[in-house]
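Just below is one structure, and these are the notes that go with it.
Computed from the coordinates by the stated procedures, all read-outs in this text should not be read as laboratory data. Keep in mind that what you see is a predicted model, and the values were worked out from it rather than measured. With ideal geometry, Cβ positions are generated from the backbone for all residues, glycine too; neighbour counts draw on all protein chains shown.
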Amino acid sequence: MEKFADETLIEVSSGSGGNGCVAFRREKYVPAGGPAGGDGGRGGDVVFVIRRNLRTLAHLRYKHFFKAENGRDGEGSGRYGKAGGDVVIPLPPGTVLKDADTGAVVRDFGGGEEDFRFLKGGNGGWGNIRFKSSVNQAPRKALPGKPGKKARLRVELQLLADIGLVGFPNAGKSSLLDRFTNARPKIAPYPFTTKIPNLGVLTLGEEDIILADIPGLIEGASDGLGLGIRFLKHISRTSALSFLIDLSAENYLEGFAVLYRELGAFSPALLEKPRILVGTKMDTAGTAGRLAEMRARYAEETVVGISVFSGQGIPELASLMGKLARARPAAPDGGRV
């Protein structure tokens, strides 16, 4: 997971068309053969495809230039040049392509997964066979191929998940992900263990729910403190949020309010997502009373207490997450966003 990458710059170029050919028939019994120069081949396209098995942009870490093949030149005897091959660039779901100079969104792969033919290759030039006419039986004219197109793109990944796990460092997000899924994130009893987002799948019967463990936020994350801005964007695509509050921490009663403010400052739309408040580390002494206080403070919220190690509250939380996932909005194509 050290190779996780969620942003990169790339340059792409479609292929140029091949040149048309000037040639004439030279056959034994045709002393004045007509034009026989073929057209040049068309240049290859730049094509982006979505691969569900990709989770990061690590494959683009060291390769930043992609060029389609040029079309081959036309030849004599009316032979057309071969078309250039496309350059195909695989991307993970949730990728956004932006113009590197203006920041304008070129393509958002947050919903559909169809291929995107971004830049078309240049057309091949006409050979002299195209210019034969009643007044010009032996044209010596051919056209060059059209050049390909170039673009600089910023590639950004925004993880696609059903439920995002949000909380302060060491709140128990990675432990919960490990309990629910086979993601096996790094876990240790000190803050900032998670440096990159982790995905896992919670299976409830025949239903799979994708969970995203977002690296711990700190107060001021929406202003760029820590790596807040970089990681906050990953919860923008989640359907729901699970706020994890460490009940053994001194600021347990204020934790949700701080996280709520940070998310709202980054994007008010995040506050509209369905959510659960999860009090963690219920195996610690005194946390039962603290959970009751948190329920009283946030009476309008759904609050559940859990212990990853004893299993307390885990079935209830799994059931609540299943309800949130099933309530996610339908995509335009009838699927789920």
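Testing the spin-label approximation: label points 7 Å from Cα along Cα→Cβ at ARG26 and LEU204. State their distance in nm.
For ARG26 paired with LEU204, the spin-label model returns 7.8 nm.
Once phi is turned into ³J(HN,Hα) by the Karplus curve 6.51 cos²θ - 1.76 cosθ + 1.60 with θ = phi - 60°, what whole-Hz value does each residue of region 280-288 show in order, with x for glycine and proline?
9, 6, 5, 7, 7, 4, x, 6, 5
Please work out the FRET efficiency for the pair SER267 and SER77, using the Cβ-Cβ distance as r and a Förster radius of 56 Å; give the result to the nearest 0.05.
Values: r = 63 Å, r/R0 = 1.13.
Calculated value: 0.35.
In square nanometres, what is the average projected area of the Cα convex hull of region 1-158?
Values: hull surface 49.1 nm².
Quarter of the Cα hull surface area: 12.3 nm².
Tell me, how many Å apart are the Cα centres for region 8-23 and for region 107-158?
Answer, in whole Å: 7.
Show the residues, 5+ positions off or on another chain, whose built amide H is closer than 5 Å to the amide H of THR95.
It is PHE109, GLN158, by chain and number.
Run the simple label-point estimate for GLU293 and ARG52 please: 7 Å along Cα→C-beta, distance reported in nm.
Using points 7 Å along Cα→Cβ, the separation is 4.6 nm.
Please work out the FRET efficiency for the pair LYS63 and THR102, using the Cβ-Cβ distance as r and a Förster radius of 41 Å; give the result to the nearest 0.05.
0.95
Through the Karplus equation 6.51 cos²θ - 1.76 cosθ + 1.60, θ set to phi - 60°, convert the phi angles of region 261-267 into ³J(HN,Hα) values in whole Hz; use x for Gly and Pro.
5, 5, 5, x, 5, 6, 7
Using amide H atoms built in the peptide plane, which far-off residues or other-chain residues are under 5 Å from GLY305 H to H?
Under 5 Å from the amide H of GLY305 lie the amide H atoms of GLY279, each far enough along the sequence or on another chain.
What is the sum of charges around THR284, taking Lys and Arg as +1, Asp and Glu as -1, for the other residues whose C-beta is under 13 Å from the C-beta of THR284? Can you show the working numbers first?
Values: positive: LYS281, ARG290; negative: ASP246, GLU250, ASP283.
Net local charge, THR284 excluded: -1.
What are the chymotrypsin sites (Phe, Trp or Tyr not before Pro) within region 32-133 that DSSP puts in a loop, where the Cβ has at most 14 other Cβ atoms within 10 Å?
Of the chymotrypsin sites (Phe, Trp or Tyr not before Pro), the ones in loops of region 32-133 whose Cβ has at most 14 other Cβ atoms within 10 Å are TYR62.
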